[in-house]
1. Quick one: which strands (runs of 3 or more DSSP E) lie wholly within the stretch 66-165 and hold at least 2 residues that are more than 30 Å from C35 (Cα to Cα) and not polar (S, T, N, Q)?
2. Hey, does the stretch 161-178 have a residue that's at pLDDT 75 or above, loosely packed, with under 10 Cβ neighbours inside 10 Å, closer than 30 Å to G124 by Cβ and not hydrophobic (A, V, I, L, M, F, W, C)?
3. Pairs needed: first member in the stretch 61-77, without any contact (Cβ under 8 Å) to a residue 12 or more places away in the chain; second member anywhere, outside any loop (DSSP other than H, G, I, E, B) and surrounded by 18 or more Cβ atoms within 10 Å (Cβ to Cβ); C-beta distance under 9 Å; at least 6 residues apart or different chains.
4. Could we say that E145 is within 21 Å of the chain's Cα centre (by Cα) and under 21 Å from T2 (Cβ atoms) here?
5. Criterion first (among the charged types (D, E, K, R) and more than 17 Å from L67 (Cβ to Cβ)) does R142 satisfy it?
6. Could you check the stretch 37-67 and list, in sequence order, the residues that are surrounded by fewer than 17 Cβ atoms within 10 Å (Cβ to Cβ), among the hydrophobic types (A, V, I, L, M, F, W, C) and on the phi < 0 side of the Ramachandran plot?
7. Yes or no: the stretch 109-123 includes at least one residue that is more than 24 Å from L24 (Cβ to Cβ) and buried (at least 20 other Cβ atoms within 10 Å of the Cβ).
8. Output the residue which, of all residues in the stretch 126-139 that are among the β-branched types (V, I, T) and closer than 26 Å to G64 by Cβ, is surrounded by the most Cβ atoms within 10 Å (Cβ to Cβ).
Amino acid sequence: MTTYWRPRAKGPHLDQPGEKVFALSYLPIEAEEDCPCGSGRTFADCCQSLPYWRPVCLNPGMQGYSLLRPQSARFTSVAVKKVHAFLLDDERLYCVDKAFPRAFWIYWGDPAYDAPSHGTICFGDFELQESQTLLVTALSDRRMEVLLDVLRPLELGIPQMQFDVLSSPPKPTRKTVGRRPRRKRRNQPS
């Protein structure tokens, strides 16, 4: 699962992102390769035998994959001006909406990674809300770790965490390839 930000097709600023796009693709993995779920075991010894797919997403910096686990961190009673200025100054973030006191940033990382047909990969979001609340969203534990590290200098305290339930899509059943049944011979008189 990958999230991109890209320009709107007929938007006024075609060089700036304007819409979020989700793309789901399948990774062809050989049995002896490391399992993309991040377990450290081979695919054959880990997820290959499961009857369902385990969705993963790219880690920031394109450093491997993590299991998909959508989540959000909510900080309340934040110093809005201080947080707003801090996030505007971070070069790894792109401010999509600067309407103070409400604002929205996406985490592109450093450097940002562009996909020719989809847009710039987004590794998470920061949303400053009017109620002195900062909402941070990410698709995996690793991504959330990185986003919370960005905020560490602000000393905002411990956030309220929320985890979304994710169902794993079943793998299609495979037809077994085997021998065709033999025809029985009829007893013929000799």
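The values are calculated or read from the model by the stated rules, or taken from the named source; none is laboratory data. No experiment lies behind these values; they were computed from the predicted model shown. As a convention, Cβ positions derive from the backbone with ideal geometry for all residues, glycine included, and neighbour counts pool all protein chains shown.
1. 71-75, 93-97, 103-107, 125-129, 133-138
2. yes
3. As it stands, the answer is Q63/R142, since those pairs meet every condition given.
4. Spelling it out, E145 is indeed within 21 Å of the chain's Cα centre (by Cα) and under 21 Å from T2 (Cβ atoms).
5. Here the answer is no, as R142 does not meet what is asked.
6. A44, L50, W53
7. no
8. V136
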